[in-house]
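A.B. asks: Please see the structure below; I have some questions.
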Amino acid sequence: MTEHAPMSNLSSKPAIQVQNLSFSYGESRVLEHVDLTITPGEFVGLVGPNAGGKSTLLKLILGLLEPQTGQIRVLGQTPRQAARRIGYVPQFPSFPRDFPISVEQVVAMGRLGIGSMLGWQRAADRDAARRALNEVEALDLARRRIGSLSGGQLQRVLLARALAGEPEILILDEPTANIDQRVETDVFDLLATLNQRLTILLVSHDIAFISGYVSRVACLNRTLTCHGTDAVDGETIRELYGSHVRLVAHHH
């Protein structure tokens, strides 16, 4: 994979700026003095061990938690103010797979501030849903029941739901955790294309794989350090995860 150059017509303001951020659950410190600046047009991979703080950092950036110390700005606003400018793809669907709902209805939910389906039939929402499905190459699934999809198909639908809200930033939490490597490559190729117009922050455990796509790797284990993809080596992995992790090369 080749890296995409940053989009030239974007604001000079950071897309995401985290400054001196610390957060605790009770007496348990999860994040400590975290600094992270993501510029418009970047594709950043966020990696780290379980319980290293990745999910907490995402919740803070999404405005689901409030910083205890430090601050976060998203597109120059607080996370809550910028919430509608962010598309979010969770690790697991936020609805039961056996719920009797079509793919098009699920994608149209990305147009709503809450999960209510009351207004999904509006023409503008329906058109946006179909555009998003077309962009992820899943328009042929529009009439299917969500429970009938394979893991790879579902991931494209969740991505389309995030795109339906016409975001400026896309945040994904381990989007390929439960799909095979061939489908994983297809999803990341799609993300590389989307990165031509969107800033992307993606959580993953597979450092070697994402290094072929992202512009930088942010390594989080309570504290955070950033590396260019060419600087991620075995020593970096050992420092982040401990001595029992091997670095496996992937070739594209």
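A.B. asks: Looking at segment 215-224, is at least one residue over 24 Å from H33 (Cα atoms) and among the charged types (D, E, K, R)? I'd like the intermediate steps shown before the answer.
C.D. replies: First, pick out the residues of segment 215-224 that are over 24 Å from H33 (Cα atoms): none.
Taking every residue of segment 215-224 in turn, none turns out to be over 24 Å from H33 (Cα atoms) and among the charged types (D, E, K, R).
A.B. asks: Could you tell me how many of the residues in segment 117-173 are of a type in the set (A, V, I, L, M, F, W, C), closer than 12 Å to S102 by Cβ and surrounded by 15 or more Cβ atoms within 10 Å (Cβ to Cβ)? Show your work before the answer.
C.D. replies: As a first pass, look at segment 117-173 and keep what is of a type in the set (A, V, I, L, M, F, W, C): 117-118, 120, 123-124, 128-129, 132-133, 136, 138-139, 141-142, 146, 149, 154, 157-160, 162-164, 169-172.
Checking the rest, the ones that are also closer than 12 Å to S102 by Cβ come to 117, 120, 129, 133, 141-142, 146, 149, 157.
Within this subset, residues satisfying the condition of being surrounded by 15 or more Cβ atoms within 10 Å (Cβ to Cβ) are 120, 129, 133, 141-142, 146, 149, 157.
Residues meeting the conditions: 8.
A.B. asks: Also, I was wondering about something else. Look through segment 71-80, keep the residues that are surrounded by fewer than 17 Cβ atoms within 10 Å (Cβ to Cβ) and touching a residue at least 12 places away in the same chain (Cβ under 8 Å), and return whichever of them is farthest from G110 (Cα to Cα).
C.D. replies: Only one residue fits best here, namely Q71.
A.B. asks: Another one. Could you tell me which numbered condition I38 fails, if it satisfies all but one of (1) surrounded by fewer than 14 Cβ atoms within 10 Å (Cβ to Cβ); (2) under 17 Å from the mean Cα position of the chain (by Cα); (3) under 23 Å from C226 (Cβ atoms)?
C.D. replies: (1)
A.B. asks: Just to be sure, is L133 outside any strand (DSSP E or B), over 21 Å from Y213 (Cα atoms) and not acidic (D, E)?
C.D. replies: Values: outside any strand (DSSP E or B): yes; over 21 Å from Y213 (Cα atoms): yes; not acidic (D, E): yes.
Spelling it out, L133 is indeed outside any strand (DSSP E or B), over 21 Å from Y213 (Cα atoms) and not acidic (D, E).
A.B. asks: Can you say whether S116 is among the polar types (S, T, N, Q), closer than 25 Å to K59 by Cα, modelled with pLDDT under 95 and outside the structural domain of I207 (by TED's automatic domain parsing), as far as the supplied structure shows? Give the derivation first.
C.D. replies: Numbers: among the polar types (S, T, N, Q): yes; closer than 25 Å to K59 by Cα: yes; modelled with pLDDT under 95: yes; outside the structural domain of I207 (by TED's automatic domain parsing): yes.
Considered against the rule, which asks whether it is among the polar types (S, T, N, Q), closer than 25 Å to K59 by Cα, modelled with pLDDT under 95 and outside the structural domain of I207 (by TED's automatic domain parsing), S116 comes out as yes.
A.B. asks: Right, another one. Of all residues in segment 68-102, count the ones that are assigned to a strand (DSSP E or B), β-branched (V, I, T) and under 24 Å from T176 (Cα atoms).
C.D. replies: So in segment 68-102, the residues assigned to a strand (DSSP E or B) come out as 69-74, 77, 86-89, 102.
Remaining after also requiring β-branched (V, I, T): 69, 72, 74, 86, 89.
Adding the requirement that they be under 24 Å from T176 (Cα atoms) leaves 86, 89.
Residues in segment 68-102 being assigned to a strand (DSSP E or B), β-branched (V, I, T) and under 24 Å from T176 (Cα atoms): 2 in total.
A.B. asks: Quick check on segment 176-233: of everything there that is hydroxyl-bearing (S, T, Y) and more than 13 Å from the chain's Cα centre (by Cα), which residue is modelled with the lowest pLDDT? Reasoning before the result, please.
C.D. replies: Start the filter on segment 176-233 by keeping residues that are hydroxyl-bearing (S, T, Y), which leaves 176, 185, 193, 199, 204, 211, 213, 215, 223, 225, 229.
Filter once more, keeping what is more than 13 Å from the chain's Cα centre (by Cα): 185, 193, 211, 213, 215, 223, 225, 229.
Values: T185: 88, T193: 94, S211: 83, Y213: 90, S215: 90, T223: 94, T225: 89, T229: 65.
Filtering segment 176-233 for residues that are hydroxyl-bearing (S, T, Y) and more than 13 Å from the chain's Cα centre (by Cα), the one modelled with the lowest pLDDT comes out as T229.
A.B. asks: Out of all the residues in segment 81-104, which are free of Cβ contacts under 8 Å to residues at least 60 places away in the same chain and surrounded by fewer than 19 Cβ atoms within 10 Å (Cβ to Cβ)?
C.D. replies: Hits for segment 81-104 are Q81, A83, F92, S94, F95, P96, R97, D98, F99, P100, I101, S102.
A.B. asks: Another question about this same structure. Tell me which residues, restricted to segment 46-67, are assigned to a helix (DSSP H, G or I) and in contact (Cβ under 8 Å) with a residue 24 or more places away in the chain. Give the steps one after another, and end with the answer.
C.D. replies: In the first step, residues of segment 46-67 are kept if they are assigned to a helix (DSSP H, G or I); the result is 54-61.
Of everything in segment 46-67, those that are assigned to a helix (DSSP H, G or I) and in contact (Cβ under 8 Å) with a residue 24 or more places away in the chain turn out to be K54, S55, T56, L57, L58, L60, I61.
A.B. asks: For segment 51-99, how many residues are over 28 Å from R145 (Cα atoms) and of a type outside the set (K, R)?
C.D. replies: Adding up the residues that qualify gives 29.
A.B. asks: I've got another one for you. Output the residues belonging to segment 141-175 that are at pLDDT 95 or above and of a type in the set (D, E).
C.D. replies: E168
A.B. asks: Residues that are farther than 24 Å from S55 by Cβ, at least 1 per element: which strands (runs of 3 or more DSSP E) completely within segment 138-229 meet that? Outline the logic, then answer.
C.D. replies: Details: elements: 169-173, 199-203, 216-221, 223-228.
Strands (runs of 3 or more DSSP E) meeting the threshold: 223-228.
The values are calculated or read from the model by the stated rules, or taken from the named source; none is laboratory data. It should be emphasised that the depicted structure is a prediction, and the values quoted were computed from it without experimental measurement. For neighbour counting, all protein chains shown are included, and Cβ atoms are generated from backbone atoms with ideal geometry for every residue, glycine included.
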